[in-house]
Each structure stands twice: as structure tokens, then as C-alpha cells.
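Below is one structure, written out as C-alpha cells, with a few remarks after it.
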Amino acid sequence: MPTPSNEGIPSQENSARTVSSNLKENEQTLISIFEHCSDVVFRRLTLHNDAKLLLVYIDGMIDKDFVQSSILKPLIYEGVPQGLGALDSLAQMCDQEFVAALQTKRVTSFEEAADHILKGSVAFLADGETSILLADVAQFETRSIEEPSTEASLRGTRESFTEHLRTNTTMLRRIIVTPDLKMETFQIGKLTKTDVVLAYIRGLASDNLLEEVRSRIETIDIQGVLESGYIEEYIEDTNYSPFPQMMSTERADVVSAGLMEGRIAVFVNGSPIVLIVPMTFWDGLQAPDDYYERFLYVTMNRWIRYLFALFSILFPSIYIALTTYHPEMMPPKLMMSITGLREQSPFPTVIEVFLMEFMFEGLREAGIRLPQQIGPLVSIVGALVIGQAAVQAGIISAPIVIVVSAAGISSFVIPRYRFGYPLRMLRFPLLILSGVFGLFGVALGLILIMIHLIHLTPLGTPYLQPIAPTKKSKLKDVFWRRPRKGTS
Amino acid sequence: MKKTMIIICLLVFSAVTSSCWNLKEPNQLAIVIGGGLDLSQDGQLEVSSQIAVPAALGGENNGPSKKRSFVVVNATGKNFMDAGQNLQMQLSRTLFYAHRQTILVGQRIAEQGVAGQGFLKYLDMIVRNPKSEMRSVIWIVKGGTAKDILATEPTFDALISTTLYSVQMALGMKPYYYREFLCESLPKGGAVLLPAISTNSSKKKFIYSGAAILDKEHELHLIGFLNPEESYYANWIKGRQKTLTVTTSESQKEGNISLRVKSPKRHIRVEKDAQGMHVHIQLHGFGNIVENNTSLDPSEAQDLGAIQKKLSQEAERDVVKLIQKAQKQYKVDILGLGELVHQKYPHEWKSLQKNWNDTFSKMTITAEVHLRYHDPGQTNASM
């Protein structure tokens, strides 16, 4: 979604004004600020002693029941509430923030008042009072907590984050019960004024890293933030890398684990995806239930993932290199069957693989975009037309279908789905290289990828750590998942 | 960064656009799976190649395919590659030697060589040509030509060339690959034993027929054959036999016993004294009694001793006969004793190696065989 250009924020003129003691005047200013905003409600009240009160709020963003029963009813039926001392006027009430709501605030600028009203506060304006009293009564429809949809796991919490920032931070607070869990709030976006929360555990997260992330977030100058991806793009070291440089998760347990390892989480209001920085290559291949299941099984699973990750990036290009450049490297019987199956195909192997890879990526993309009701259709058409029919018609040879689908499926073995993107993407340059130079080209491509990976140090952490540079103490979480008992 | 990317792209595209690549689709290749060397009628080198027809091998084979799974093409030439060039004229695809599984050498060319020279010099191509497979098994065709064998229909597989090494495995020997032949034929002195194969009477099936003796001191000319049983013992002495079945000779009264030897061991001692070299060959074999048609009961210690003694004696007699045959009939060292002498007496070997076969045939060679059983089988006395 394109973000509109960063010019001319309207209604700045009015909001710069400060609140006067004249209610009529203040009302006019607010009305001009909220011109053509049909959802803004101005409620004028006249109380017992001719005191005039103006309530401003946005319809649908406040808790109506609460406002009616706890604020309006006492005011209208009983007059100005009597607290410790006598309150003579509404102005005094506003001055002492005497409203039955948890969060109240007094502001003197219209700009601030407008901000709060837009976020679900009720503004109280009284005659003769030079400040606006704001009571936070925000309540709006939010999605309830559901199961994680992109990070399914057999074992572990079933809760995933929602779009509501507070819900998300609460989930974190419920897991990590210490005042050392810090949450710093930033407001990013001129129009969206999105709350961005930097969560970390004091004492675990390194100050340098924290300072770096903080400063990168502070320098963000953007019109709007619709998703945590906007923030990610600003924090990451380079945008020109196929590899993700921070983890994104919708699971509170993953965030907690990250924080306890000294990482920093970035919550963005309106996004169920939380970012965790920094990330290493191996994080992309680890699943949350790695730490919940028994370690032997997990170790096996990890190796399966490593092999499949390699398989997914290399299989098609190795197939091309072996069949067309180095047929002597294949077992004779395999060579014979592949040749036999290729006998009728009209295209060179490279072209065939390219065609099928494109079709596969197309199917994958279609699978995400299609409405659920049409989903099965794609799988049927995909399986029949692209798989079986193409082979039977002699357009595509059968081994290619096996190679492409095996490589495609193996990229989905990777638990962090975003980590599968670079593997699928890099397959194409490797295909070209292997089609042009054979195994030599594949080796060249792999070397280039390795150079890039070693070069990559997101937020100062080498991407291939702990393998390169080697950190022996941390290897226990790469080659195997060492059991926790007896180890610190 | 940008510059390097542009340079890399340019390099890749220049390679593609100038068609400067050696990409070959598998269906542009004629995959040679077996090669044969023969002497043609007019005394020239004749090369036969068994070429796989992949269309009949892979793909959706619903029911027996009508196409034959291979073709055998022959051509004569000045040498291997020249003949290959002539083979190429009969084919629409490039010959591809990297999957050659078998090399067969006809008896005539093995005996006579081409123009008086041994056939070995033509095998240089197999080592030199990088696209040539060194792991082919090598066989001598007894009483026939290589192309006869190549044209036979194997029972189980589609192609005979891919099955020949398993023939040796099934008989309990290590498959004999070309690279081993190379290692054995280069040091001086003695002879090389190559496995031999022949066609059966109908010329449709092959049959293992012992070992061929190639005299190293005579340009590797073929000088004779060992029958299959002799070849097992020869392989045992050379350490190439993994299992074999020893059966006592038939006698009307006593019946016979078979012992399946599982892990044949050998121990060869070379000694030198005033009278010259002595070689003592000790063969040890453990195994199971798999057949017993005698009245002896292996569960009784006395009978068991008799069985073991009989088996050992008979095997020893065969081994001695084999040694005699090598020393008296062929007068060549087929047992690879030269290599042992070389290892033990490297100085003497320098003078011995030139005339090793002569020394060998006059040497004292003694042999003893000890066969023991592990398991008498699932019953006691013969049924």
C-alpha cells in the first residue's frame, strides 16, 4: 500500500492554539478541527447551577456503558461530585481531574486533546476552565486471541498475538514477571501515530544494542505505519539482502525466549507480528517446540531441517549440473532411467526446470491469495495439469516434476516461513549458473552466497554466529539442542 | 557492488550467447555400458560397444516394451578410439564412455594380440581418457568373442553389462575391476588372473568359466585357463574369495559332505635359505556344514574330527594340484607370490623380477588347508 507523500498535514493551524477560558470559543476551535468528521460527537450539557459542560468523543471508540453510568449519570442527577473538599464548579472538578475513570489527563493544547480524542478518550470542556480534561475510556472491537496461524507447533502455547498492542504486551507481562522487563514507547508515523514498543529485559539486553535500536527507531520519519514490516525496513542493516535480518513472530513464547536471551522485541500497534532483533542464520531454522520436546528427537529434527534447507536451495541446480554437464557422476542405472524419461521432452533441462519452478511459485502465490472456497481447485488443477498431464503429454519430463516439487516442499520444512523466501529466491540465480557453468557454477553461486552471509552483521551480530565466528559455548544450540538439566 | 554485479552478469551472458558451454542433454548421448575387444577376421582390432536404448529402459513401461533395451555396434580401427570414431558413424548420438560397466576381451585377441603385441596397449585409453570409467569390470571371453557375450540376454536385468560384476559377487568373489587389473599388470613378474566368461551352447546365456591366465612376462598374452573350481582356490590364495563351498569327492560307499566356508583366511610364508626360496601356504576356513550324505554324525567328536580331516585333506589336494598346474603346466606365478617376495626381500626381488616365472616354477611350494566347522547344521546324523 503506497504511503501518501509527507507534505501538508491539514488542520495544523487550529490545533496549534491553546485552550481559552471561553467554552464557546473552545468548542468552535474543536469543531473546526474535527470538520467533516461525522463520527465525532459533541455533547453539550447544562448542569444544576447553569454550569456548561462539553463532552467530545468519537462514537464507537469509547465504552458507552461506562461513560453513561459512571460519568454522565452522577453529573446530571447529582451535580458536581463532592470529594474531600467541596467542589463548587465544573471547572474545579476538571481541575482536580475528578472523574470516575482510571486514566485521566489535563491538557492545554488542542493538538494534544485532539490526539487523545482520536485514540478513544472523552474530552471534558468546562466554562471558565483553561484546560481540557481527558478521560481514557477507549473501548473498541478487537480480534480475540487465536491460535498462531503461521507458526503452528505441536507443543507450546496456543496463544498468538493480536492487532491490539496492549493485549500483546500483557501477554508478555504474564510470562515474564519482573520489573526488569522494560517497555519503551515511541510514536511513529505522522498520520497513524502508531505506538511502537521496545521491550527488553534490563541487565540482559546489551546497552549498545539497545542504544542502536533506539536511535534507529527514533530517526524513522514516515507518514504511516501499517505493519511491523515498516519498522523492520528502517531498523535492518541493509534492505538489499534476501535473508531476513530479524525474526518475526506471532507467539508470545518466542518473544519471551528472545528477551531472555538478551534480544530486543519491537511491538507495533496494529500488527500481530512482533520483531525480535538481532537474528542469526540458525534462528531461521529453529522452531519454538525445539525447546519443549525431548532433545534427541529435536536434534534429529534440526538435522532434517538443515538438510532440507540445503536440499531446497541446491536440488534443482544440482540436477541440471549432473544431467547436462556431468552425467558420469550419476549412478548408471539412475542415468539410464532419467535419460529414458527425458527421451520425449522437447525442451532442454534448464528450460524445463525454469518452467516448472515458475509454475510452482505461481501455485504457491495463488494458494495464498485465493479465497478459501477456491483453494481446493488450485490444488487439483495444479496437481493434474502441471504434474501429471504435462508429463503424460510429453511436455515436461517426470524427473523435473519430482525435482521441482521436492525442492519446493522442502523449503516449507523451514519453521520460520520467512526464512524459506531467500532459499526459494536464490534457487533461480543458482539455476542460471548451473545451466551455464555446471557444477562449477553451482559452487560459484554457493561461494557468493557464503560471502554475503559472512558479510551480513545485522545490528553488529554476525549472521552465521556461532559457526562463523565460532563461539564454542553456543554451538550446543546449533548442532544439537543440549538438554537443559545440569547446564546453565 | 554494482560493478561486480554487472561484470558477473556480463560474464554469464557472454558464456550463454556465444554458446560457449559444454552442456549436453542426456538424450544427446549414446551411453556405452559395455565395451568389447576382438580380433576381426583380417587381424584388425574390432571394438564392440553395447549401447543402452534409454527409451526402452526408463519411462512408463506398462508391460513388456517392444523395443530392445540395447544395441551392440561393432567397428574396426587402428586403436580403441579410432574404432570408436568408426562406431560413431553408425550412431546419431555422441558416444559417452563414462558409464561403461564392463570390458570384455575376446579369447583370440587375448591370445594373439594385434600384430603380435598384447592387447594391453589398447587399454591405455581407459586410463587416459577422462571421460572413461575405470571402475568397469574386466573379463576374458573363453572360447568366443566379446560381441557374442554382449549380445546375450541377461535373465534378470535389462542389460548384461551391468550384471557381470554381480556374477562374481554371487560366486563369493570380489568383483575384478579394471583399476585392479591395472595395478596388477604393471609390476613385473608373474601373471594376472582375469575372470573368464563364456556363452553356453545355445549362445543365448553366459556362464562363468573360471579364470584366464595372462602372462606378464609375455606382454600379457593369454596362456590358458583355470576351471571354475581351481579359480576359487586361486582366489582364496590371492585373498579375493569371500565364501566358497568345499565338497568332498564322491565315493559310492561313503557319500560326501559340503562345507560352506564363510571367511576364508590365508597365511603365506616366504623363506629363503641356502637352497633358495620356500613358500608355505596356509589356508584356514571356518564354515557351516550345509550338506552331509555320509553316515558320519557331526555331533560326535570322533566323527566331526573325521569330517574336518577329510574336508581339509581334499581341499589340500586340490590346492596342491593347482600349484602343480601353475608350476609345471603354465610355469607362471598365478598366485601373486611375486608380490610377497617383493615385500619381504626387496633387494633380491630386483634381480628376481626379470625371470620370476622361471624361479617360481622351480620353487618349493608347500600348502596346508585347515577347514573347521562352526555349525553342524540343523540336524545331527545324515537323514
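Under the criterion of Cα pairs below 8 Å and six or more residues apart, the relative contact order for chain B equals 12 percent. Partners of B:K309 within straight-line reach, counting lysines whose Cα lies under 25 Å from its Cα and excluding those fewer than 8 residues away in the same chain: B:K238, B:K242, B:K253, B:K262, B:K265, B:K321, B:K325. Neighbouring Cβ atoms from other chains, within 10 Å of the Cβ of residues in A:140-153, number 0 on average. Site pair A:L307 and A:Q392 shows an inter-label distance of 3.4 nm when each label is modelled 7 Å from Cα along Cα→Cβ.
Each label was represented as a point 7 Å from its Cα along the Cα-to-Cβ direction; for A:S69 and B:A274 these points are 12.7 nm apart. Here segment A:23-40 is scanned for amide nitrogen atoms under 15 Å from the site 7 Å beyond the Cα of A:T130 along Cα-to-Cβ, giving A:23, A:26.
For the Cα trace of segment A:165-279, dividing Rg by the Kirkwood Rh returns an Rg/Rh value of 0.93.
Projecting the Cα atoms of B:Q329, A:A51, A:L125 onto the charge dipole of the protein assembly as shown, computed from C-beta unit charges around the Cα centre, puts B:Q329 farthest toward the positive end.
Give a quick list of trypsin sites (Lys or Arg not before Pro) in segment B:97-134 that DSSP marks as loop, anything other than H, G, I, E or B, with at most 12 other Cβ atoms within 10 Å.
Passing both the DSSP loop test and the Cβ count: B:K131.
Relative intensity of segment A:12-136 on a log10 scale, I(q)/I(0) at q = 0.16 Å⁻¹, equals -0.71, per a Debye sum over C-alpha point scatterers of equal strength in the absence of solvent. The residue among B:Y232, A:A257, A:T104 whose Cα reaches farthest toward the positive pole of the charge dipole of the protein assembly as shown, with charges on the beta-carbon of Lys, Arg, Asp and Glu, is B:Y232. Computed about its Cα centre, the charge dipole of segment B:214-301 is approximately 460 debye, with only Lys, Arg, Asp and Glu carrying charge at their Cβ. Two decimals is fine: what is log10 I(q)/I(0) at q = 0.19, 0.20 Å⁻¹ for segment A:123-205, from a Debye sum with one equal scatterer on every Cα and no solvent? Rounded to two decimals, the profile gives -1.09, -1.14.
Sum -39500 (n - 2.57) across every DSSP H segment of at least 4 residues in chain B, then divide by the residue count to get the 222 nm mean residue ellipticity, nearest 500.
Values: 13 runs with 117 residues, N = 383.
That calculation yields -8500 deg cm²/dmol at 222 nm.
Taking a ≥ b ≥ c as the square roots of the eigenvalues of the Cα gyration tensor, segment A:294-474 is classed as oblate, since a/c reaches at least 1.5 and a/b does not exceed b/c. Neighbouring Cβ atoms from other chains, within 10 Å of the Cβ of residues in A:321-333, number 5 on average. For chain A, the Kirkwood estimate of hydrodynamic radius, built from reciprocal distances between every pair of different alpha carbons, is 27.0 Å.
If a paramagnetic tag sat 7 Å from the Cα of B:R68 along the Cα-Cβ line, which residues of segment B:118-156 would have the backbone N under 13 Å from that point? Correct set: B:147-154. Panel order for B:K331, B:K204, by other beta carbons found within 10 Å of each beta carbon, from fewest to most: B:K204, B:K331. Taking chain B as a Gaussian network of alpha-carbon nodes connected by springs under 10 Å, the highest mean-square fluctuation of the residues B:T243, B:T162, B:T94 belongs to B:T94. The alpha carbon gyration tensor of segment A:116-171 gives principal lengths a ≥ b ≥ c with a/c of 1.5 or higher and a/b greater than b/c, which makes the shape prolate.
Among B:V47, B:V72, B:V319, which one moves the most in a GNM of chain B with springs linking Cα atoms closer than 10 Å? Comparing B:V47, B:V72, B:V319 in the GNM, the peak value goes to B:V72. Legend: P(r) of chain B from all alpha carbon pair distances, 20 Å bins from 0, whole percents, reading 24, 46, 25, 5, 1.
Indicate, rounded to the nearest 5 percent, the antiparallel portion of the DSSP beta bridges found entirely in chain B. Here the share of antiparallel DSSP bridges comes out near 65 percent. As a proxy for reagent exposure, ranking B:F96, B:F119 by other Cβ atoms within 10 Å from fewest up yields B:F96, B:F119.
Under 1.5 on a/c is rounded, so check that first for segment B:242-383, then, if it is not, pick prolate when a/b is larger than b/c and oblate when it is not; a ≥ b ≥ c are the square roots of the alpha carbon gyration tensor eigenvalues. The shape class here is prolate. Taking the Cα centre of chain A as reference, the dipole from Cβ charges on Lys and Arg (+1) and Asp and Glu (-1) amounts to some 2320 debye.
The value of relative contact order for chain A, using C-alpha pairs under 8 Å at least six residues apart, is 13 percent. Selection among B:A52, A:V404, A:V196 by position relative to the dipole of the protein assembly as shown gives B:A52 as farthest towards the positive end (Cβ unit charges, Cα centre).
Sparsely packed loop sites in segment A:291-346 (the trypsin sites (Lys or Arg not before Pro) outside DSSP H, G, I, E and B with at most 14 other Cβ atoms within 10 Å) comprise A:R294.
Normalised by the residues of segment A:440-486, what does the relative contact order come to in percent, with Cα pairs under 8 Å and at least six apart? Relative contact order comes out at 17 percent. Legend: P(r) of the protein assembly as shown from all alpha carbon pair distances, 20 Å bins from 0, whole percents, reading 11, 26, 25, 19, 10, 7, 2, 0.
Which of A:H48, B:H99, B:H278 comes first, and how do the rest follow, when ranked by fewest Cβ neighbours within 10 Å?
Final ranking by Cβ density, sparse to dense: A:H48, B:H278, B:H99.
In this label model, A:H48 and A:F295 are separated by 7.3 nm, measuring between points 7 Å along each Cα→Cβ vector. Of all stretches in chain A that contain no GluC sites (Glu not before Pro) in a DSSP loop with at most 12 other Cβ atoms within 10 Å, the longest one is A:142-488.
Only the coordinates and a few stated rules stand behind these numbers; no lab work does. Remember, it's a predicted structure, so these values are computed and weren't measured experimentally. Cβ coordinates were reconstructed from backbone atoms using ideal geometry, including for glycine residues, and neighbour counts include every protein chain displayed.
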